[in-house]
Amino acid sequence: MTDKGVTFLDVGEAGLIARSKASWPEWYGSDANRPQLRFSPFKGWMNDPNGLCFIDGRYHLFYQFHPVESEWGPMHWGHAVSDDLYRWSHLPVFLHSEQNLWSLGATGGAFSGSAFVGPDGKLSFYYTERLPAYDLFKDYKEVQKRVVPSNDLLRPEANRLVLVDGPPGSSHDFRDPKVWYDEERQAYRMVLGAAIDGDPAVLLYGSVDGNDWKFLSVLYRAPEHFRQHGARCVECPDFFELDGRFVIVMGFVGYTEPATGRHNLLYAQVGNFENDRFALLSDELQELDFGTDFYAMQSFRAGERRIAFAWLFNWEFRKPAGSPYSGELSLPRVLGLDVQSRLTMVPEEGYQRLRAAALPQTSPFGFDCEPGRPIELSMAGDLDGIRIVGRGAEGESFSLVHTDGRLELAVAEDTGEIKYCSAPLRLERLTLFFDRGVVEVFANRGTICGTRRTYKITELTSLEFMPADDAHVKACEAWSYNSAWT
Ligand code: FRU
């Protein structure tokens with residue numbers, strides 16, 4: 001199963017169609033809106049990456065999945081496996097919701113969670129089950145569960161409830177556990193996303209056996225600015241050690257940034273974690289992706305590296321009606337810290353093996369693109385003031401401009417109400433990928449990243465860049481790509 005993947009049975013007009021792995025390249029390639037370098041579900045709705053882990057030399061991806069339609073609904077965990085983080089095989093659904101929510105007309109189910117390898121080397125998963133509100137006057141309830149998988153990782157072998165109630169001041173938003181083992185204390189630790197008295201917060205829990213959990217403290221509480229601008233709770237907190245520091249990553253659901261109108265922002269803060277206390281290096285929140293189509297990031301360790309994926313979506317635009325699926329993952333990103341202890345993210349280098357050819361240069365500042373093929377543009381030099389435009393047959397698909405000292409990323413759908421711009425930077429290095437509507441930008445070795453998803457013009461015919469008069473482009477290369485699905 002883990003080599004061959006599942007065969008999907010599709011009920012079409014012509015009857016039952018079996019779609020085995022051999023048919024996936026055609027299925028993925030023929031959808032003009034379907035990214036080719038990134039994971040997306042075969043059918044149905046996908047959101048957050050879950051349970052990411054590297055086991056016996058293979059990468060396992062689980063993800064928030066609604067198999068019935070390409071809209072969010074009762075949650076399951078989809079499952080896929082890869083040898084290289086780019087080429088995936090679909091595996092059977094791993095987790096189902098506790099109750100048959102679809103038939104009840106309810107939502108909830110197997111919400112987000114993460115993988116955990118214990119001190120004994122054994123793998124388990126922690127996740128949230130959202131129990132629906134049957135009574136309209138009550139809220140839903142979120143409880144935490146622990147799953148031990150079968151040896152082949154294809155199904156849960158044991159599933160138990162490990163944490164039911166949040167601490168005083170918390171609300172019904174109480175979810176998305178991330179667990180690790182604290183060697184010094186010889187104890188388990190868990191962070192959960194929640195709100196405390198209305199402020200988005202990350203809660204710290206402790207356990208001696210991984211099953212019986214006690215509330216320890218509020219590890220992080222967002223400044224009141226976030227509550228005042230709509231933030232309801234923290235979602236998908238990630239907390240991990242990196243180069244001798246600890247990093248917290250979180251999304252504040254509901255928040256809209258007053259200055260730009262952006263929402264769905266993801267933030268990081270770096271600090272030291274000692275005696276169950278998280279001491280921040282600075283009060284300033286680092287914005288992780290100025291494009292905001294990068295949410296619910298989850299990281300995991302693979303050997304010496306910390307790798308992360310996120311969900312490419314921000315609820316602003318939707319897939320065109322009739323699409324067999326919705327939801328994609330970012331490129332795998334390798335995490336690091338820069339000299340100022342800011343979190344950096346660069347694409348995992350395996351993408352280079354998927355390069356097809358150098359893009360033909362049609363002018364000093366222009367390249368021809370083969371519609372449908374992913375492309376990469378990489379540059380170095382004094383790039384301040386540069387303007388990059390990707391065009392399709394129907395007009396401008398996206399533009400990336402360095403203006404007023406910031407990067408600004410616009411797509412065909414934009415009306416100008418929301419401004420997708422970065423923190424100020426002197427632009428010295430830039431790598432940009434375009435993949436059937438996904439634009440993923442990495443600047444200055446990953447200190448600034450920006451991701452946007454456009455559904456309007458997804459096939460590029462040309463790519464142009466216009467340096468400012470005083471710019472100095474020292475290096476520039478552009479590539480077309482093969483699909484990771486072929
Ligand atoms: C984030 C999120 C999580 C939750 C899951 C439900 O996108 O809302 O907080 O567990 O999605 O699908």
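Does region 48-59 contain any residue that is of a type in the set (Asp, Glu) and without any contact (Cβ under 8 Å) to a residue 24 or more places away in the chain?
yes
Of the residues LEU312, LEU285, LEU335, which is in contact with a Lys or Arg (Cβ under 6 Å, 6 or more places away or on another chain), farther than 21 Å from ARG429 by Cβ and at pLDDT 95 or above?
Exactly one of LEU312, LEU285, LEU335 is in contact with a Lys or Arg (Cβ under 6 Å, 6 or more places away or on another chain), farther than 21 Å from ARG429 by Cβ and at pLDDT 95 or above, namely LEU312.
Would you say ARG19 is more than 17 Å from LEU312 (Cβ to Cβ) and of a type in the set (Lys, Arg)?
Spelling it out, ARG19 is indeed more than 17 Å from LEU312 (Cβ to Cβ) and of a type in the set (Lys, Arg).
I'm told ALA259 meets every condition in (1) open to solvent by 30 Å² or more (accessible area, probe 1.4 Å); (2) small (Gly, Ala, Ser); (3) within 16 Å of the ligand (Cβ to nearest atom) except one. Can you identify the failing condition by its number?
With respect to (1) open to solvent by 30 Å² or more (accessible area, probe 1.4 Å); (2) small (Gly, Ala, Ser); (3) within 16 Å of the ligand (Cβ to nearest atom), ALA259 is out only on (3).
When you scan region 195-242 for strands (runs of 3 or more DSSP E) that lie fully inside it, which ones turn up with 2 or more residues that are open to solvent by 10 Å² or more (accessible area, probe 1.4 Å)?
Of the strands (runs of 3 or more DSSP E) lying wholly inside region 195-242, those with at least 2 residues that are open to solvent by 10 Å² or more (accessible area, probe 1.4 Å) span 213-221, 233-242.
Restricting to region 316-343, name every residue that is open to solvent by 10 Å² or more (accessible area, probe 1.4 Å) and either touching a Phe, Trp or Tyr at 6+ places or on another chain (Cβ under 9 Å) or without any contact (Cβ under 8 Å) to a residue 24 or more places away in the chain (or both).
Matches in region 316-343: PHE317, ARG318, LYS319, PRO320, ALA321, GLY322, SER323, PRO324, LEU335, VAL339, GLN340.
Quick one: how many residues across region 2-18 are open to solvent by 50 Å² or more (accessible area, probe 1.4 Å) and either more than 21 Å from LEU153 (Cβ to Cβ) or part of a loop (DSSP other than H, G, I, E, B) (or both)? Write out each step before concluding.
Going through region 2-18, the residues open to solvent by 50 Å² or more (accessible area, probe 1.4 Å) turn out to be 3-4, 7-9, 11, 13-14, 16-18.
From what is left, the residues that are either more than 21 Å from LEU153 (Cβ to Cβ) or part of a loop (DSSP other than H, G, I, E, B) (or both) are 3-4, 7, 9, 11, 13-14, 16-18.
Qualifying residue count, region 2-18: 10.
In region 270-319, which residues are within 16 Å of the ligand (Cβ to nearest atom) and either on the phi > 0 side of the Ramachandran plot or not assigned by TED's automatic domain parsing to the domain that holds CYS236 (or both)?
Within region 270-319, THR292, ALA296, TRP315 qualify.
Please find, within region 302-319, the residue that is nearest to SER112 (Cα to Cα) out of those that are assigned to a strand (DSSP E or B) and among the aliphatic types (A, V, I, L, M). Talk me through it step by step, then tell me what you get.
So in region 302-319, the residues assigned to a strand (DSSP E or B) come out as 302, 305-311.
Cutting the leftovers down to among the aliphatic types (A, V, I, L, M) gives us 302, 307-308, 310.
Values: ALA302: 20, ILE307: 18, ALA308: 15, ALA310: 12 Å.
Residue satisfying both the conditions and the ranking: ALA310.
Taking the conditions exactly as written (in contact with a helix residue (DSSP H, G or I) (Cβ under 8 Å, 6 or more places away or on another chain) and among the β-branched types (Val, Ile, Thr)), does THR486 satisfy them or not?
Yes.
Cβ-Cβ under 9 Å, sequence separation 6+ or interchain: first residue in region 235-254 and under 15 Å from GLU183 (Cα atoms), partner more than 11 Å from the ligand (Cβ to nearest atom) and hydroxyl-bearing (Ser, Thr, Tyr). Which pairs?
Taking only residues 6 or more apart or on different chains, the pairs are PHE240/SER299.
Which residue is nearest to MET466 (Cα to Cα), if the candidates are limited to region 349-369 and must be modelled with pLDDT of 95 or more and open to solvent by 40 Å² or more (accessible area, probe 1.4 Å)?
Taking the candidates together, the pick is ASP368.
Would you mind finding the one in GLU459, GLU396 that is part of a loop (DSSP other than H, G, I, E, B) and open to solvent by 20 Å² or more (accessible area, probe 1.4 Å)? Full working, then the answer.
Numbers: GLU396 fails: part of a loop (DSSP other than H, G, I, E, B).
Being part of a loop (DSSP other than H, G, I, E, B) and open to solvent by 20 Å² or more (accessible area, probe 1.4 Å) holds for just one of GLU459, GLU396, which is GLU459.
Consider TYR220 carefully, then state whether it is over 21 Å from ARG453 (Cα atoms) and touching a residue at least 40 places away in the same chain (Cβ under 8 Å). Break it down stepwise before answering.
Values: over 21 Å from ARG453 (Cα atoms): yes; touching a residue at least 40 places away in the same chain (Cβ under 8 Å): yes.
The answer is yes for TYR220.
Return yes or no: is PHE174 at pLDDT 95 or above, farther than 15 Å from ILE248 by Cβ and either in the same structural domain as SER299 (by TED's automatic domain parsing) or of a type in the set (Val, Ile, Thr) (or both)? Spell out the reasoning first.
Details: at pLDDT 95 or above: yes; farther than 15 Å from ILE248 by Cβ: yes; either in the same structural domain as SER299 (by TED's automatic domain parsing) or of a type in the set (Val, Ile, Thr) (or both): yes.
Judged against the criteria, PHE174 is a match.
Rundown of residues vs (1) touching a His at 6+ places or on another chain (Cβ under 9 Å); (2) of a type in the set (A, V, I, L, M); (3) within 12 Å of the ligand (Cβ to nearest atom), yes/no style:
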| site | (1), (2), (3) |
| --- | --- |
| LEU61 | yes, yes, no |
| PRO67 | yes, no, no |
| TRP72 | yes, no, yes |
| MET75 | yes, yes, yes |
| ALA80 | yes, yes, no |
| GLY113 | no, no, yes |
| PHE116 | no, no, no |
| GLY169 | no, no, no |
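Given the condition in contact with a Phe, Trp or Tyr (Cβ under 6 Å, 6 or more places away or on another chain), of a type in the set (A, V, I, L, M), within 14 Å of the ligand (Cβ to nearest atom) and under 27 Å from GLY251 (Cβ atoms), answer yes or no: does some residue in region 84-102 qualify?
Yes, some residue in region 84-102 is in contact with a Phe, Trp or Tyr (Cβ under 6 Å, 6 or more places away or on another chain), of a type in the set (A, V, I, L, M), within 14 Å of the ligand (Cβ to nearest atom) and under 27 Å from GLY251 (Cβ atoms).
Being more than 16 Å from the ligand (Cβ to nearest atom), modelled with pLDDT of 95 or more and of a type outside the set (Lys, Arg) is the filter here, so list the residues in region 179-201 that pass it.
Scanning region 179-201 gives TRP180, TYR181, ASP182, GLN186, ALA187, TYR188, ILE196, ASP197, GLY198, ASP199.
To keep it simple, each residue is scored yes or no on (1) open to solvent by 60 Å² or more (accessible area, probe 1.4 Å); (2) outside the structural domain of ARG306 (by TED's automatic domain parsing); (3) under 20 Å from THR461 (Cβ atoms).
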residue: GLU376; (1), (2), (3): no, yes, yes
residue: MET379; (1), (2), (3): no, yes, no
residue: GLY385; (1), (2), (3): no, yes, no
residue: ARG406; (1), (2), (3): yes, yes, no
residue: LEU427; (1), (2), (3): no, yes, no
residue: THR431; (1), (2), (3): no, yes, no
residue: ALA443; (1), (2), (3): no, yes, no
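In this structure, is ASP165 away from the ligand (no atom under 16 Å from the Cβ) and either out of contact with any strand residue (DSSP E or B) (no Cβ under 6 Å at 6 or more places or on another chain) or part of a strand (DSSP E or B) (or both)?
yes
The values are calculated or read from the model by the stated rules, or taken from the named source; none is laboratory data. Computed from a predicted model, the values in this text were never measured in an experiment. Here Cβ is always computed from backbone atoms with ideal geometry, including for glycine, and neighbour counts include all displayed protein chains. Surface accessibility is based on the protein's heavy atoms, side chains included, excluding ligands, DNA and RNA. Shrake-Rupley method; radii C 1.70, N 1.55, O 1.52, S 1.80 Å.
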